[in-house]
Structures are given as structure tokens and as C-alpha cells.
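Just so you know, all these numbers are worked out from the coordinates, no wet-lab data involved. Keep in mind the model is a prediction, meaning the values are calculated, not measured. FYI the Cβ positions are ideal-geometry reconstructions off the backbone, even for glycines, and counts take in every protein chain you see.
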Amino acid sequence: MDSNVAASSTIPNNPVVDKETRAQKDITARREFRRRKIAKRQLLVDEVAALRQRVADLRNVRANLGFPPPPPPVAPPTRNSRDEEELKEMYLGPKPVCPADSTVGRRRYTSILAQRAYRWRKVEKERPMLEEIAALRAEVLDFSVQMRRVGARL
């Protein structure tokens, strides 16, 4: 009986083996996707930590050299629904067109809307970190410009 199992696994286009192979490939693909997602998130976290440390060092240098403190950061404006729709179009592309009054295509349309909402929630989750990175980079750039101006005067 074991020889039959071994023989069946060597038969080309065996549906049982193909199904197992596909399932294994799916599991491997999911693990790889999850690993990449975690690695991407970790890169952002590491970059934020490095920028925070650099900004803290630059603030100490600025205080030791007697430069005036930077102006307080401007609070981000609140978003209304129109601005949010523009951001969604920028990040996710144009909104899909609703099918006509018929029910054909309605399920696909609602599925696309659900996927779009899911992707938007993912973008919204990463957005504060990306905004913080942008603010820290702007502060580093501001300090670099200030130091070059002082260096040019000397």
C-alpha cells in the first residue's frame, strides 16, 4: 500500500499532490508577505528613533551655541470630507464608478469599496508615523540651513 502512495505522488498532474503543493505555496507566500510587512514597519520605527535622537542632539547643540529656539510647530489643519476624498484619490486612485440600476456588477462594486476602505485604514494607521518623520526631517533641514548661514558669516 505504501508503494501505491509513493507511486501516486510521482504521477504528473495528480490532483491530491497538486492541491497539497498549492496549499504549501499559499502558506509560504502568506508568511513571506507577513515578514515583509513587519520588516517595513520596523524600518519606519527605526528611522523615527534615529531621527528623534538626531533632533535631540541638534537641539542640544543649538542651545549650547546660543541659537534661538525654533518656532513651535504649526498644528495640522482639521480635514473635512472633501479633503479626505482628495487624499483617498491621491493614495488609492480614483473612486470606482457605481454600476447602473441593475444588480449585475453590484457585488463586485461593493467588494471593491470594501477593499478600498481596508487599504485606506492601513494608510491611516501609518500616516502619523510618516508625518512625524517628515516633521523631524524638516527640523534637521532647518538646523542645517541655520548652521550654513552662521558658517558663511564667519
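For this structure, a couple of remarks:
- Once the C-beta distance of Leu87 and Ala29 is scaled by a Förster radius of 30 Å, the resulting FRET efficiency is 0.45 to the nearest 0.05.
- By other beta-carbon atoms within 10 Å, ranking Phe33, Phe143 with the fewest at the front produces Phe33, Phe143.
- With a cut-off of 14 Å between beta carbons, the residues surrounding Asn80 carry a summed charge of -1, where Lys and Arg count +1 and Asp and Glu -1.
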